[in-house]
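Please read the structure below before turning to the comments.
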Amino acid sequence: MPRKPASRPAAATPAAPAVLTLTSRNYSAWSLRGWLMTRFAGLEVALDVIPPDDPDTRAELLLMSSTIRVPRLLHEGITVWDTLAIGEYLHEVRPDAGLLPADRAARAHCRAIAGEAHSGFAALRSALPMNLKAHVPRFRVWSKAQADIDHLCAIWRDALARHGGPFLFGERPTLADAMFAPDCTRFFTYDVALDEACRAYCEHLVGIQPMQEWMELARSEPDDIEELDVEF
């Protein structure tokens, strides 16, 4: 009897790319955080960029909306929003990337300060909105915002002293570095005086390739939001 030809294995269906939804690179601190997390985790993503003049996104950027449209990660059919949730998800799918430290105590410390960056520092965020294209020398920081800056710098000094730098938890960037990255840009935008350790940390973080890439794209954005682009 003639032998039946061997059947060919079905071709594997290529996996759909992960998609990260974000908005203005110039103004959106949350978009920057989510994007840095994907880069630190080594996850390739396609970008879905919502124009900053979209009414819902505009309200979100101005802290006038309870919606969370950006950043939002779609990966293998799973949708994750809220920046900390994205970071925790990326740690689960890419555990070797080091988004959270391997040591349990350091990991708890990283989660704690990332949580502070996520839910605290309201006066700082309000008084010094992220604006990568601006530079405001001799900016006068009001007292509540200065209290936030002092507390934030104390967090940085403690982490750097414990773990040796140049990132907050040593040689590799973590979830905490992604969460605090917008604050580094704020300090340069508004000419905030920093101690030597904190300034060196900011310069190192802003100088890494993903941050430089983001800032270059921010500079090329034509869109402005007048409420966040005030002349002081």
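Between residue 96 and residue 142, how high is the FRET efficiency from 1/(1 + (r/R0)^6) when r is the Cβ-Cβ distance and R₀ = 45 Å? Nearest 0.05.
0.55
Can you check how the C-alpha radius of gyration of the range 90-183 compares to 2.2 N^0.38 Å, as a plain ratio?
Cα-based Rg divided by the globular estimate yields 1.18.
With every atom except the alpha carbons ignored, what do you get for Rg and Dmax of the range 18-224, in angstroms?
When restricted to Cα atoms, the range 18-224 yields Rg and Dmax of 16.1, 48 Å.
For residue 218, what is the net charge nearby, where nearby means another residue's Cβ is under 9 Å from its Cβ and Lys, Arg count +1, Asp, Glu -1?
Summing Lys/Arg as +1 and Asp/Glu as -1 gives +1.
With charges set only on the Cβ (+1 for Lys and Arg, -1 for Asp and Glu), what does the dipole of the range 117-232 come to about its Cα centre, in debye to the nearest 20?
Dipole of the range 117-232, to the nearest 20 debye: 420 debye.
Every read-out reported here was derived from the displayed coordinates using simple, explicitly stated rules and does not represent laboratory data. Every value quoted in this text rests on a predicted model; they were computed, and no experiment measured them. Note that each Cβ is placed from the backbone with ideal geometry, even for glycine, and that neighbours are counted across all protein chains shown.
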